[in-house]
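Have a look at the structure below before the remarks.
The values are calculated or read from the model by the stated rules, or taken from the named source; none is laboratory data. What you are looking at is a predicted structure, and each value in this text was computed from that prediction instead of being measured. Cβ sites come from the backbone with ideal geometry, for glycine too, and all protein chains shown count toward neighbours. Ligands, DNA and RNA are excluded from the accessible area calculation, which covers all protein heavy atoms including side chains. Shrake-Rupley method; radii C 1.70, N 1.55, O 1.52, S 1.80 Å.
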Amino acid sequence: MMEIVFYLSGIITFVVIFLISIFAPTKGQTRIWLWSLLKICFFTVLFYSWFTDNIVLKWILIEASTLFGALLISSSGTERSFHVGWKFLLINSYALGLAFLGIVILLFASTPLQNLDFSSLKLGLEGQSGLLIETGILLTIYGYSGKLGLVPNHFWVGDTYAESPSQISSLIASFVPVSVVLAIRPLIKLENELNLHLINASNGLLFIGILTILYSTLMLVSRDDIRRISAKVALFHTGMLTLFLWLDISDDVFYYLLATTVLVKLLVFLSMGILRMDAGKRNISQILNGTMLSHKALYVYLLALLIAFVFPLSPVFVLDLKIIEIAIMKKQFYLFIFPILGSVFFFVSLNKVLPMVKLENRDFNSEVYGTLQLRFYFFWFSLLFTISVGAYGMYYLMAKYI
C-alpha cells in the first residue's frame, strides 16, 4: 500500500509543479512551453527508473535526468544560472561515471547473466566475495551518493537550488534523491549479504550522510538567503536518507520515506518561492530593512518548515517516531541523536525566519498578486495532501502504539 502512496505522491507533486510553471511562472520566465516539455522529459525518465529492475537502464535514465536538469537550471537565462547548470552537469556526470564503473566491475565479477536485471546479477554473485565485488559495490554507491549531493560531492546543491526558479528547485529536490535511493537500496542489501566487515560501503554511506547533516546545520547558521536556507533544508533531509538505507527498514517504511521526501521538498520550495516573490528580495537582512510584508507569504514558509521537521501530523514526525522505535527495539539508543539533530536544525532555521514577523502585514505584492494567489492555493492543496499522508502513516505504521 505504501508503494502506491509513493507513486501517487510523485504524480501529484509533478502535476502541481507543472501547473505552477504554466499558470503561475516565475516573473520574467520566457519560453514556458519549451521548459514545460523539458520538465516532462525530466520527470518521465526518473519516474520510469522507479519501475525498472535493469541496473544499466536505471543508470541511463538517472544520467539522462542530469542533462535535462542542467538545461532546466539554465532556464532563468542569466549568466549565473548558465554556470550553475554546467556545474550541475559536470559534478553529477563525474559521480555517475564512478557509479557506472562500479556496475561494470560487478557485471565482470558475476557469472554469465541472462539479463541485466538486479535479481539476475544477485544470482550471478551468489556465493562469491572478495575485493573485486566490494570495490564494485563501493564505487557504485559512492558514485550515486554524488548524484544525491552528499558530502564531499555536495557543491552543486546550494548553487542549484539558489539560482534556479523555485519550481525547478522543487522538481530536482523532489525526484532526484528518491530515484537515486531506489538505485542504491538493492546494492546495500546485496552488500549486507556478501560483506559483513565493519569497513564497507553501507557504513561509508552513513558516515558521509552524517557529515552532510552536520555540514548543512553548521552552514545554516551563516546563511541569510532564504533560497540558501531552503537548500540546506533539502541537504539535511538527503543526509537523513542515508540513515534509513543503513537501517535496512521494511518496504512499507521505505516507500513511506520516499513519499515523505517528495512531498516535503515540494512544500519547502513552493513556499520559498511565494515568500521570495512577495518580498522581492532573497536576503532576510534586506527584507527586514523594508517596512511591510505579506504575512500569508511568511506563514506558508513557516508552515513548510514545521512540516519538514516537527509538526505532529507531518510524515517526517512519523519517521522520527520510527527511528525512536528502532532505537528502543534494537537497543541502539545512539539513534536518538538524529531526531534531536532535526529539532536543532528546525530551531536554527526558525530563528532565521521568525524576525520577519515584526514587519507590518499587507496583502500579496500587487505586481504579482495573481501568481502569488494561485501558488498560495496550490500550497494549501499540497499541505493538506501531505498532512493526509502523515495521518495515514501514523495510523498504518504506528497503529500498535495508538
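Got a number for carbon plus sulfur as a percent of the chain's accessible area, 1.4 Å probe?
Carbon and sulfur: 69 percent of the exposed surface of the chain.
Which lysines have a Cα lying under 29 Å from the Cα of LYS331, excluding residues fewer than 8 positions away in the same chain?
Answer for LYS331, where 29 Å is the Cα cut-off: LYS189, LYS322, LYS400, listed by chain and number.
When the solvent-accessible surface of protein heavy atoms is calculated with a 1.4 angstrom probe, in what order do PHE108, PHE207, PHE345 fall, highest first?
Correct descending sequence by accessible area is PHE108, PHE207, PHE345.
Each residue of region 377-393 in turn: what ³J(HN,Hα) in whole Hz from Karplus with 6.51, -1.76, 1.60 and θ = phi - 60°, glycine and Pro shown as x?
With the stated coefficients, region 377-393 comes to 5, 4, 4, 5, 4, 5, 5, 5, 5, 5, 5, 4, 5, x, 5, 5, x Hz.
Less than 22 Å apart at the alpha-carbon level, and either on another chain or at least 8 residues along: which lysines does that give for LYS358?
Within the straight-line cut-off, LYS358 pairs with LYS281, LYS296.
For q = 0.19, 0.23 Å⁻¹, what log10 I(q)/I(0) does region 41-140 give under the Debye formula with an equal point scatterer on each alpha carbon and no solvent?
Treating every Cα as an identical point scatterer, log10 I(q)/I(0) equals -0.91, -1.13.
Determine one quarter of the surface area of the Cα convex hull of the chain, which equals its mean projected area, and express it in nm² to one decimal. Mind dumping the intermediate values first?
Details: hull surface 75.6 nm².
Its Cα hull, projected and averaged over all orientations, spans 18.9 nm².
Work out from phi, with θ = phi - 60° and the Karplus expression 6.51 cos²θ - 1.76 cosθ + 1.60, the ³J(HN,Hα) of each residue of region 244-253, listed in order in whole Hz, and give x for Gly and Pro.
Result, ordered by residue: 5, 5, 5, 6, 6, 6, 5, 4, 4, 5 Hz.
Applying the Karplus parametrisation 6.51 cos²θ - 1.76 cosθ + 1.60 with θ = phi - 60° to the phi angles of region 34-44, what ³J(HN,Hα) value in whole Hz is obtained for each residue in order, glycine and proline being reported as x?
For region 34-44, the Karplus curve yields 5, 5, 5, 5, 5, 4, 4, 5, 4, 5, 4 Hz.
Can you give me the relative contact order of the chain as a percent, contacts being Cα pairs under 8 Å and 6 or more apart?
Computed over the chain, the figure is 18 percent.
Solvent-accessible area per residue for region 175-267 at a 1.4 Å probe radius, Å²?
Numbers: 2710 Å² over 93 residues.
Accessible area per residue, region 175-267: 29 Å².
List the residues whose amide H sits under 5 Å from the amide H of ASP225, counting only those 5 or more places along or on another chain, with H placed 1.01 Å from N in the peptide plane.
Counting only residues 5 or more places away or on other chains, the set is ILE284.
Taking a cut-off of 17 Å between Cα atoms, list the aspartates and glutamates near LYS232, but don't count ones fewer than 8 places away on the same chain.
List returned: ASP159, GLU163, ASP224.
First select every other residue whose beta carbon is under 14 angstrom from the beta carbon of LEU359; then total the charges, Lys and Arg +1, Asp and Glu -1.
Values: positive: LYS281, LYS296, LYS358, ARG362; negative: ASP278, GLU360, ASP363.
Counting the neighbours of LEU359, the net charge comes to +1.
On the full set of protein chains, 1.4 Å probe, figure out the accessible area of ILE91 and give it in Å² to the nearest 10.
Spelled out: ILE91, probe radius 1.4 Å, area about 40 Å².
What's the magnitude of the charge dipole for the chain around its Cα centre, counting Lys and Arg as +1 and Asp and Glu as -1 at the beta-carbon? Answer in Debye, nearest 20.
Values: 27 positive and 22 negative charges, 199 e Å.
Approximately 960 debye in magnitude.
Please give the net charge around ARG80, taking every other residue with its beta carbon less than 9 angstrom from that of ARG80, where Lys and Arg add +1 and Asp and Glu add -1.
-3
Can you pull the Kirkwood radius for region 103-252, inverse mean 1/r over Cα pairs, to one decimal in Å?
Details: mean 1/r = 0.0609 Å⁻¹.
Result for region 103-252, one decimal place: 16.4 Å.
Please list 366-377, 315-326 highest first by mean number of surrounding beta-carbon atoms within 10 Å per residue.
Top of the packing list down: 315-326, 366-377.
Accessible area per residue for region 283-324 in Å², computed with a 1.4 Å probe and the full protein assembly in place, what is it?
Per-residue value: 35 Å².
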